[in-house]
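Student: Right, I'll just put the structure down here and ask away after.
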Amino acid sequence: MPQVKIIAKNFMDMVASLPAIKLDMLYRNQFICEAILRSMPPLAKKYVLQMLYIDVPVTAKSLEEWVLADGSSKHRVAIDRLIQLRILEVIDRKKETSYKLNPTFQTNLRKHLIYGGILPREPMPSNVTVRLPTSEELDAYAHEQWECFLLQLISSGQAEKPTNFSSSMMRIFQRGLLRQREKEAPRLTESGFQFLLMDTNAQLWYIIREYISNSEEQGVDQADLIAFLLELSFHTTGEAYNMNTLTDDQRAMIKDLSDLGLVKLQQGRKDSWFIPTKLATNLSVSLTDSSSRKQGFVVVETNFRMYAYSSSKLHCEILRLFSRVEYQLPNLIVGAITKESLYNAFENGITAEQIITFLQQNAHPRVAEKLPSVPENVTDQIRLWETDLNRVEMTPAHFYDDFPSRDVFETASDFARVHCGLLWEDAKKMRMVVKAEIHMLMREQLRGQNK
């Protein structure tokens, strides 16, 4: 998967960007300490757990001895991440550098591991709630809500039902993902296509980051929202929790989260409650967890025909970005990868490697087992068609002819060459083409020669 140039992949990037005071406030919550530990790289987890009951500073040299020689790069990544999160405090001494765990984080993580934690709210008794959705119904609801949101995000006309987000909020979500020229429909940018390549957890944290940033502008504390989201990840999927246990800010947020499929809202005779889905309880799961990967659905044949075993409108819209969709059956999308469809994709900033990566990552299980999962003649041709567009490079330039004498022509040619602006010349017919950026200098030079 290509590196995504747009922002935070998970909540750790958001937490690391918080000011030191807010970080220390977050670490007073035991569940947040566990959520932080959950999402760390494996080596960083190892360091935290080994240092958890060490109350004296540990030297940098001692830490290096905890890892094999070939793991030095992972060691540096782990240390950098722990310092960014202010979990490791750096103690500089004259002879050597030492590290110590953040006392607030260390104390609360110890308490959580020994005594366990108590959430600020307990599930409601079953005799109070109406029939709760089954696990399958809840998964289907979360998938439908999230897909509907994404569809509205990239192609609002295709969404079956609009979300409750305001148009201004949707524009905030679309920043960097879509671009629109005058009198044209919005188009997906390169970053937008990268966004669609990300797994659901990463997509979700991108949207939540934008949501939290906008909420902070409205006067809502960013740290409080992050704390609530991480607490939500420790709730039990499918259980009902009373809305009366939430603050006003949390209640407003939970309604927005239902639009994203993180929770399902239900109303009883007296009380209302929210039911977390797997999208919510997986919020703090590390992105390296392969269990969160989507199952593939695309089969590409050597004749460039493409079959996508899906009934999703979102999948259809994504495939339409780089292929010609011919028809859609209840559970099958049939199309073809053509030169024209790829040229259209390339013009919109989507690269050949992104398209190939998408096809490989979403290959149907039957073909995903094969190597390669996408026929080599197809991937090679996609790359070749991309290079076709790069054969000619457009450079703004000016054409000069009708020189009064050869001396004037040669002087002008030497002047353009010295200024690295000569693109082409015909010495026999005394004609030349120079870059537009030196056009004014050329004019002054020629005027000076004519005096």
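The values are calculated or read from the model by the stated rules, or taken from the named source; none is laboratory data. What you see is a predicted model, and the numbers here were worked out from it, not measured in a lab. Backbone-built Cβ (ideal geometry, glycine too); neighbour counts: all protein chains shown. All accessible areas refer to the heavy atoms of the entire protein, side chains included, with ligands and DNA or RNA removed. Shrake-Rupley method; radii C 1.70, N 1.55, O 1.52, S 1.80 Å.
Student: Report yes if Asp402 is among the acidic types (Asp, Glu) and open to solvent by 90 Å² or more (accessible area, probe 1.4 Å), otherwise no. I'd like the intermediate steps shown before the answer.
Tutor: Numbers: among the acidic types (Asp, Glu): yes; open to solvent by 90 Å² or more (accessible area, probe 1.4 Å): yes.
Yes, satisfied.
Student: Is at least one residue of the range 205-215 surrounded by fewer than 18 Cβ atoms within 10 Å (Cβ to Cβ), part of a helix (DSSP H, G or I) and at pLDDT below 85?
Tutor: yes
Student: Which condition number in (1) open to solvent by 90 Å² or more (accessible area, probe 1.4 Å); (2) more than 22 Å from Tyr343 (Cα to Cα) is the one that His364 fails?
Tutor: (1)
Student: Same structure, new question: Please find, among Leu246, Leu342, the residue that is at pLDDT 85 or above, under 25 Å from Leu177 (Cα atoms) and outside the structural domain of Ile32 (by the TED database).
Tutor: Step by step, each of Leu246, Leu342 is checked, and only Leu342 is at pLDDT 85 or above, under 25 Å from Leu177 (Cα atoms) and outside the structural domain of Ile32 (by the TED database).
Student: Answer with yes or no whether Ser156 is closer than 24 Å to Met243 by Cα and at pLDDT below 85. Spell out how you get there, then give the answer.
Tutor: On the way: closer than 24 Å to Met243 by Cα: no; at pLDDT below 85: yes.
Spelling it out, it is not the case that Ser156 is closer than 24 Å to Met243 by Cα and at pLDDT below 85.
Student: Also: Got at least one residue in the range 431-445 being surrounded by 10 or more Cβ atoms within 10 Å (Cβ to Cβ), touching a residue at least 12 places away in the same chain (Cβ under 8 Å) and of a type in the set (Lys, Arg)?
Tutor: Yes - at least one qualifying residue is present in the range 431-445.
Student: Let me spell it out: the conditions are (1) open to solvent by 50 Å² or more (accessible area, probe 1.4 Å); (2) modelled with pLDDT of 90 or more; (3) not in a loop (DSSP other than H, G, I, E, B), and Lys428 meets all of them except one. Which number is the exception?
Tutor: Only one criterion in (1) open to solvent by 50 Å² or more (accessible area, probe 1.4 Å); (2) modelled with pLDDT of 90 or more; (3) not in a loop (DSSP other than H, G, I, E, B) is unmet by Lys428, namely (3).
Student: What are the residues in the range 295-322 that are in a strand (DSSP E or B) and open to solvent by 10 Å² or more (accessible area, probe 1.4 Å), if any? Spell out the reasoning first.
Tutor: First, the residues of the range 295-322 that are in a strand (DSSP E or B): 298-300, 305-308.
Answer for the range 295-322, where residues must be in a strand (DSSP E or B) and open to solvent by 10 Å² or more (accessible area, probe 1.4 Å): Val299, Val300, Arg305, Tyr307.
Student: Of the residues that sit in the range 99-122 and are closer than 17 Å to Phe274 by Cβ and either acidic (Asp, Glu) or open to solvent by less than 50 Å² (accessible area, probe 1.4 Å) (or both), which one is modelled with the lowest pLDDT?
Tutor: Taking the range 99-122 first, the residues closer than 17 Å to Phe274 by Cβ are 119-122.
Of the ones still in play, those that are also either acidic (Asp, Glu) or open to solvent by less than 50 Å² (accessible area, probe 1.4 Å) (or both) are 119, 121-122.
On the way: Leu119: 76, Arg121: 84, Glu122: 86.
Taking the candidates together, the pick is Leu119.
Student: Just give me the residues in the range 345-375 being more than 18 Å from the chain's Cα centre (by Cα), in a loop (DSSP other than H, G, I, E, B) and modelled with pLDDT of 90 or more, in sequence order.
Tutor: His364, Pro372, Ser373, Val374, Pro375
Student: Could you tell me how many of the residues in the range 39-57 are touching a residue at least 60 places away in the same chain (Cβ under 8 Å) and surrounded by 17 or more Cβ atoms within 10 Å (Cβ to Cβ)?
Tutor: Residues meeting the conditions: 3.
Student: Under 9 Å by Cβ, and 6 or more places apart or on different chains, what pairs join a residue from the range 367-396 that is more than 18 Å from Ser323 (Cα to Cα) with one that is hydroxyl-bearing (Ser, Thr, Tyr) and assigned to a loop (DSSP other than H, G, I, E, B)?
Tutor: Filtered contacts from the range 367-396: Val367/Ser373.
Student: Determine, yes or no, whether Gln381 is open to solvent by less than 90 Å² (accessible area, probe 1.4 Å), over 27 Å from Glu301 (Cβ atoms) and not hydrophobic (A, V, I, L, M, F, W, C). Reasoning before the result, please.
Tutor: Details: open to solvent by less than 90 Å² (accessible area, probe 1.4 Å): yes; over 27 Å from Glu301 (Cβ atoms): no; not hydrophobic (A, V, I, L, M, F, W, C): yes.
No; evaluated as a whole, the condition is false for this residue.
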